[in-house]
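Q: Next up is a structure, given as structure tokens.
The values are calculated or read from the model by the stated rules, or taken from the named source; none is laboratory data. All figures in this text were calculated on a predicted structure; none of them were measured in a lab. Glycine also receives a Cβ, built like all others from the backbone with ideal geometry; neighbour counts cover every protein chain displayed. Accessible surface is based on the protein model in full, side chains and every heavy atom, while ligands, DNA and RNA are left aside. Shrake-Rupley method; radii C 1.70, N 1.55, O 1.52, S 1.80 Å.
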Amino acid sequence: MKIPYFDAHCDTISMALRPQDSLRSNPYRIDLQRGKELDRYAQLFALYGDVDSVKHTDLWTHCQMLHERFQREVQENEDLMQHCRSGAEVDQAVENGKIAALLSIESADLLECRIDRIEAVAGWGIKMMNLTWNQPNLISGTNAQQQDRGLSQEGIDFVRELEENKIYADVSHLSDAGFWDLIRVAKQPVIASHSNARAICPHPRNLSDDMFRAIRDSGGVVGMNFYRYFLHENADIDALIEHIEHFLALNGEKTLCFGSDMDGCDVILHGVDGVQDVHKIYEALQQRGYSESLLQDLFWNNLRRMI
């Protein structure tokens, strides 16, 4: 089935650093050949490095290396993909039958939390940036460690510089205290690129209802995560739909999108093995009576309007 699909988060670039792999074709969950089978496909590729395995002093070098790999992939696969920095470029890419590839950064740690590097990555076309990953940093605590620690003054200054450079602050991985500090200081929409409903699965990586409402009211979006352990003990497509329907009940029709986290987690929901299977989610929602206009919003329009 030909469907549109705009995804807010994957870690495939970090996987494709291996010499034998590429974005064109690989054994992971996302590649261009499979993505080309969708009617329209836009993907935010996260530049990501595990701060446990990359020395802190090497994180910026690692970030630059990931960006260089992405640029090379774009050049080598220009018949299939186009790097897009704006919504208009996304529209042009899909009109030309190409995959629209966009960039994000998963954790300010990759900039070593340095404000003076934000302008440089904005020049790369970065659209959103997680303030933290799992480990606390200069900016804030995380939902895994130091959960009660919010934004530092350096963190507030970092957010303001992101906004000056038209980069969205991404709250996935951020501490609850940091989340509410961000909501207080943000002047532009806030994004959770890959987080689900805490009311359904009480994991700290997921969002409370009040958090969802705050993102909704900011004009931001929330991307549904496919990671099995953020869904339910029976982590199948029905479990994902349970999260979707919970947020829709909070007037989330214009807020929900997808942020699969494919290639960023070891196990994802049963029934979806990669980007080639996302049509199954669309079809399951159709069978539940979802209108085509709502499906277009969830699978494309809501995230597209942010770009």
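Q: Identify, by number, the condition in (1) modelled with pLDDT under 95; (2) under 17 Å from the mean Cα position of the chain (by Cα); (3) over 25 Å from ALA177 (Cβ atoms) that VAL278 doesn't meet.
A: Single failed check for VAL278: (1).
Q: Here is a follow-up. From the list GLY125, GLY150, which residue is touching a Gly at 6+ places or on another chain (Cβ under 6 Å) and modelled with pLDDT of 95 or more?
A: The conditions single out GLY150.
Q: Please enumerate the residues belonging to the stretch 123-155 that are open to solvent by 30 Å² or more (accessible area, probe 1.4 Å) and assigned to a helix (DSSP H, G or I).
A: GLY123, TRP124, GLN153, GLU154
Q: Out of the residues in the stretch 12-39 meeting the condition of being of a type in the set (Gly, Ala, Ser) and touching a residue at least 12 places away in the same chain (Cβ under 8 Å), tell me which one is nearest to ILE105 (Cα to Cα).
A: Checked the stretch 12-39; the qualifying residue nearest to ILE105 (Cα to Cα) is SER14.
Q: Moving to a separate point now. Within the stretch 187-206, can you find the residues that are among the aliphatic types (A, V, I, L, M) and crowded, with 20+ Cβ neighbours inside 10 Å? Let's see the steps before the verdict.
A: First pass over the stretch 187-206, keeping only residues among the aliphatic types (A, V, I, L, M): 190-192, 197, 199-200.
The answer is VAL190, ILE191, ALA192, ALA197.
Q: What do you reckon, is SER195 hydroxyl-bearing (Ser, Thr, Tyr), out of contact with any strand residue (DSSP E or B) (no Cβ under 7 Å at 6 or more places or on another chain) and touching a residue at least 12 places away in the same chain (Cβ under 8 Å)?
A: For SER195, the condition - hydroxyl-bearing (Ser, Thr, Tyr), out of contact with any strand residue (DSSP E or B) (no Cβ under 7 Å at 6 or more places or on another chain) and touching a residue at least 12 places away in the same chain (Cβ under 8 Å) - is not met.
Q: May I ask you to list the residues in the stretch 95-110 that are surrounded by fewer than 22 Cβ atoms within 10 Å (Cβ to Cβ) and assigned to a helix (DSSP H, G or I)?
A: Within the stretch 95-110, just GLU95 meets the criteria.
Q: Report, by residue number, each residue of the stretch 219-270 that is open to solvent by 20 Å² or more (accessible area, probe 1.4 Å) and part of a helix (DSSP H, G or I).
A: Selection gives ARG228, TYR229, ILE237, ASP238, GLU242, GLU245, HIS246, LEU248.
Q: If you don't mind, another one. Any residue in the stretch 246-267 that's over 30 Å from ASP31 (Cβ atoms): show its pairings with residues that are among the basic types (Lys, Arg) and open to solvent by 10 Å² or more (accessible area, probe 1.4 Å) at Cβ separation under 8 Å, as long as the two are six or more apart or on different chains.
A: LEU250/ARG213; LEU250/ARG216; ASN251/ARG216; GLY252/ARG216; LYS254/ARG216
Q: Suppose we filter the stretch 271-307 for residues that are crowded, with 22+ Cβ neighbours inside 10 Å and among the aromatic types (Phe, Trp, Tyr); how many remain?
A: Here the count works out to 2.
Q: Also: So which residues in the stretch 198-218 are in a loop (DSSP other than H, G, I, E, B) and of a type outside the set (Ser, Thr, Tyr)?
A: ARG198, ALA199, ILE200, CYS201, PRO202, HIS203, PRO204, ARG205, ASN206
Q: Same structure, new question: Given the structure, is ARG205 touching a strand residue (DSSP E or B) at 6+ places or on another chain (Cβ under 7 Å) and charged (D, E, K, R)?
A: Criteria not met by ARG205.
Each row is one residue, and each column tells you yes or no for (1) modelled with pLDDT under 95; (2) at negative phi; (3) more than 15 Å from the chain's Cα centre (by Cα).
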{"site": "TYR168", "(1), (2), (3)": "no, yes, no"}
{"site": "SER172", "(1), (2), (3)": "no, yes, no"}
{"site": "GLY178", "(1), (2), (3)": "no, yes, yes"}
{"site": "LEU182", "(1), (2), (3)": "no, yes, yes"}
{"site": "ILE191", "(1), (2), (3)": "no, yes, no"}
{"site": "SER195", "(1), (2), (3)": "no, yes, no"}
{"site": "SER218", "(1), (2), (3)": "no, yes, yes"}
{"site": "ASN234", "(1), (2), (3)": "yes, yes, yes"}
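Q: When you scan the stretch 158-186, how many residues do you find that are farther than 21 Å from LEU303 by Cα and either in contact with a helix residue (DSSP H, G or I) (Cβ under 6 Å, 6 or more places away or on another chain) or buried (at least 24 other Cβ atoms within 10 Å of the Cβ) (or both)? Before you say what the answer is, go through the steps one by one.
A: Of the residues in the stretch 158-186, the ones farther than 21 Å from LEU303 by Cα are 158, 160-161, 175-178, 180-181, 184-185.
Filter once more, keeping what is either in contact with a helix residue (DSSP H, G or I) (Cβ under 6 Å, 6 or more places away or on another chain) or buried (at least 24 other Cβ atoms within 10 Å of the Cβ) (or both): 158, 161, 175, 178, 185.
Going through the stretch 158-186 one residue at a time, the tally reaches 5.
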